[in-house]
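Scroll down for the structure; my scribbles are underneath it.
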Amino acid sequence: MTNDTVKELEIFDRHISKKGLKHSQKRDYIITVFLSTTRHVSVDDLFQIVRKKHPEIGATTVYRTLKLIVSSGLAEEVDFDDGVKRFERKMGREYHAHFICTDCGYHFEVFDKNIKRLSHKLSEASGFHPKKHRLEIFGLCKKCGPSSPKP
Ligand SMILES: [Zn+2]
Ligand SMILES: [Zn+2]
């Protein structure tokens, strides 16, 4: 377990007790799985991993736990415009852009300090206080791009 994970579990625990919810082993297991995933997972992705070891945990529990993880501030919803809600871990991950292929769904992340700098500069210039940044760029990946030969 990394230092971040320990911190994240503490934050989650505090959030749970603040909400007046009881400690549950199922929830603990779900958040541990979520924190071990890299990148973007949908409720179904997470459910498929969880059920392998704990078939008694239902999709609804997974969904509710994910919502708790989001409201605790540990995860954020990302939308790739394909009707699937995905979630990503926030801690230790700087603001980044998502590039999404509209043809095959392939996506990747780009971490570049300039993106953040520019967003801050533009916000400041208009006296705007950003609460959440999101940058999603839709297009065609290398494989699907116009220059690639189609079979
Ligand atoms: Zn593609
Ligand atoms: Zn991301």
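If you go through region 99-108 and pick out every residue that is surrounded by 14 or more Cβ atoms within 10 Å (Cβ to Cβ) and not aliphatic (A, V, I, L, M), you end up with 5. Taking into account only those residues within region 1-45 that are touching a strand residue (DSSP E or B) at 6+ places or on another chain (Cβ under 9 Å) and not in a helix (DSSP H, G or I), which is farthest from HIS98 (Cα to Cα)? Result: THR37. Being under 11 Å from the mean Cα position of the chain (by Cα), away from ligand 1 (no atom under 16 Å from the Cβ) and surrounded by 18 or more Cβ atoms within 10 Å (Cβ to Cβ) is true of ILE69.
Screening LEU66 with (1) at pLDDT below 90; (2) under 19 Å from HIS15 (Cβ atoms) gives one miss only, at (1). Just to be sure before I move on: is GLU124 open to solvent by 70 Å² or more (accessible area, probe 1.4 Å) and either of a type outside the set (Phe, Trp, Tyr) or in contact with a Cys (Cβ under 6 Å, 6 or more places away or on another chain) (or both) in the structure I sent? Spelling it out, GLU124 is indeed open to solvent by 70 Å² or more (accessible area, probe 1.4 Å) and either of a type outside the set (Phe, Trp, Tyr) or in contact with a Cys (Cβ under 6 Å, 6 or more places away or on another chain) (or both).
Screening the candidates HIS129, HIS54, HIS96 for the property of being of a type outside the set (A, V, I, L, M), without any contact (Cβ under 8 Å) to a residue 60 or more places away in the chain and open to solvent by 60 Å² or more (accessible area, probe 1.4 Å) yields one hit, HIS129. Taking every residue in region 75-87 that is over 9 Å from SER42 (Cα atoms) and pairing it with any residue that is in a loop (DSSP other than H, G, I, E, B) and open to solvent by less than 70 Å² (accessible area, probe 1.4 Å), at least 6 positions away or on another chain, the pairs with Cβ-Cβ distances below 7 Å are VAL78/HIS40; ASP82/GLY105.
The values are calculated or read from the model by the stated rules, or taken from the named source; none is laboratory data. None of the values given here were measured: they were computed from a predicted structure. Here the Cβ is made from the backbone with ideal geometry for all residues, glycine too, and neighbour counts use every protein chain on show. For accessibility, only protein heavy atoms count, side chains too; no ligands or nucleic acids. Shrake-Rupley method; radii C 1.70, N 1.55, O 1.52, S 1.80 Å.
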